[in-house]
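The values are calculated or read from the model by the stated rules, or taken from the named source; none is laboratory data. The shown structure was predicted, so the numbers you read here are calculated from the model rather than taken from an experiment. Quick reminder, even Gly has a Cβ in these numbers, built from the backbone with ideal geometry, and neighbours come from all protein chains shown. Side chains included, ligands, DNA and RNA excluded: accessible areas come from the protein's heavy atoms. Shrake-Rupley method; radii C 1.70, N 1.55, O 1.52, S 1.80 Å.
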Amino acid sequence: MSEKTQVTMTAEQLAKWEAFQEAEKKKEAAERRKQRRETYAQLVDQELETALPELRSLSEQIKTVKDTVFGNFDTVLKMKAEVVGFKEDGQWSHTFTNQDSTMRLTLGVNTVDGWGDMVTAGIAMVRKYIESLATDAKTKTLVQTVLRLLSTDKQGNLNASRVLQLQKLADESDDDQFKEGVKIIRESYQPTATRRYIRAQYRDKGTGAWRNIPLGITDVDLLTEEEKAPEATAEADETEAKAEP
């Protein structure tokens, strides 16, 4: 058992001693905070070293599955063209549904509108025809409405869906110049494919409604335990093996 020693100090010495103790406490507290920061940084490093390889692997798996699905359905699309007798040019998305209407898959490509240099000639021809129709206040309003279909965005590009509306108007008219102008515009359309997308759905057995299969890392939080794909069991594998010829 250690013995206690009583020290006599002056008021000035006591003040210095208390100041020293306070400084030591602050120093120790700062050191503990520094150690916690270092421990935190080490923990972040460890978790990143674990998470990033797993996420990169997941990303590669998703790309592999995506490439496989698009590759497999490329064969389906070629067969579809043979069955119907023509290829659907300009169609950027395709939806497939099984015969029982319990599974549905949409494959598509996002695009950015683009136009060739001949589009300006087509626009000029259409404008000339449309503006010739403005004979009074009523028709001028109609002409302005139609001309809005030829308005461009900040990059100077037309809206492809508006051109389709112009095509309908051209088909209903008897003016060859109008039809030719719209034809030139349509032939000048040069969309740029950006990213491919997949939308997978299945029919809910209880409600009969279509339910999306979450394919994004954010969307999977919506996947409940009941919706998770069942894992293949040894018994099921054995049954399938027996069923093979």
(message) How big is the dipole moment of the chain about its Cα centre under a simple scheme where the beta carbon of each Lys and Arg is +1, that of each Asp and Glu is -1, and everything else is neutral? Debye, nearest 20, please.
(response) 1060
(message) Restricting to DSSP H runs of at least four residues, report the calculated mean residue ellipticity at 222 nm for the chain, -39500 (n - 2.57) per run over all residues, nearest 500 deg cm²/dmol.
(response) -19000 deg cm²/dmol
(message) How much accessible area per residue does region 133-195 have, counting only protein heavy atoms and a probe of 1.4 Å, in square angstrom?
(response) 70
(message) Here are a few candidate values for volume of the Cα convex hull per residue in Å³: [x] 139; [y] 122; [z] 417. Which one was actually calculated from the structure I just gave you?
(response) [z]
(request) Could you work out how far helix 160-172 tilts from the main Cα principal axis of the chain, as a 0 to 90 degree angle to the nearest 10? (result) 10
(request) Add +1 for every Lys or Arg and -1 for every Asp or Glu among the other residues with Cβ under 14 Å from the Cβ of Lys183, and state the total. (result) -2
(request) With only Lys, Arg, Asp and Glu charged, each at its Cβ (+1 for the first two, -1 for the last two), find how big the charge dipole of region 72-211 is about the Cα centre; round to the nearest 20 debye. (result) 720
(request) Please give the helix 234-243 orientation as an angle from the longest Cα principal axis of the chain, in degrees from 0 to 90, rounded to the nearest 10. (result) 30
(message) How large a share of the accessible area of the chain, in percent, is made up of carbon and sulfur atoms when the probe is 1.4 Å and the other protein chains stay in place?
(response) 53
(request) Relative to the longest principal axis of the C-alpha atoms of the chain, give the angle of the C-alpha long axis of helix 176-187, reported between 0 and 90° and rounded to the nearest 10°. (result) 30
(request) Could you work out how far apart the two model spin labels at Thr192 and Phe70 are, taking each label as a point 7 Å from the Cα in the direction of the beta carbon, and quote it in nm? (result) 1.7
(request) Would you work out which of Phe178, Gly156, Gln167 lies farthest towards the positive end of the dipole of region 134-192? Charges go on Cβ: Lys and Arg +1, Asp and Glu -1. (result) Gly156
